[in-house]
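The structure that follows is given in the form of structure tokens.
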Amino acid sequence: MKGISQQKAKENSIKYKSMYDKWSSSETTLEELGKEYDITKQRMWQIITRCKLGGGDYYQGVQLARNKWSELNSIHTDFDDIIPAYNTWLSSQGIKTARNNQSVIPHTGWDWKY
């Protein structure tokens, strides 16, 4: 976990799991949940998506997404081939993707240009 302490990551894990559990067990929208936690709908979507990938564990979801991206990056030589393969994988995991995700690798926070 780059940029945060183990303690902060543990606190975030508990908070994010709580958010995910609340979202998955109710009719609460991302917008409503975001207002409750004072974060944007987009950030709530990121948290829920990563938790969903990780079976409720945000950081496990981030790592899983990064590992998959690295795997696909080693298989494909062209970025234009990686994105559809990655999006297909995300879809198979029950994750909806945004079409215009050009500057950041979806669900990883990695800048793909470097």
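The values are calculated or read from the model by the stated rules, or taken from the named source; none is laboratory data. If you're wondering where the values come from, they're calculated on a predicted model, not measured in any experiment. Glycine also receives a Cβ, built like all others from the backbone with ideal geometry; neighbour counts cover every protein chain displayed. Remember, those area values only see protein heavy atoms, side chains included, never the ligands or the DNA or RNA. Shrake-Rupley method; radii C 1.70, N 1.55, O 1.52, S 1.80 Å.
Taking region 1-25 only, how many residues are under 27 Å from S92 (Cα atoms) and open to solvent by 50 Å² or more (accessible area, probe 1.4 Å)? Can you show your working first?
Step one: of region 1-25, the residues under 27 Å from S92 (Cα atoms) are 1, 12-25.
After this cut, where a residue has to be open to solvent by 50 Å² or more (accessible area, probe 1.4 Å) as well, the list is 1, 14-15, 17-18, 21-25.
Matching residues across region 1-25 total 10.
Quick one: which of N73, N101, N87 is open to solvent by 70 Å² or more (accessible area, probe 1.4 Å) and either at pLDDT 90 or above or more than 17 Å from W23 (Cβ to Cβ) (or both)?
Values: N101 fails: open to solvent by 70 Å² or more (accessible area, probe 1.4 Å); N87 fails: open to solvent by 70 Å² or more (accessible area, probe 1.4 Å).
Unique residue meeting the criteria: N73.
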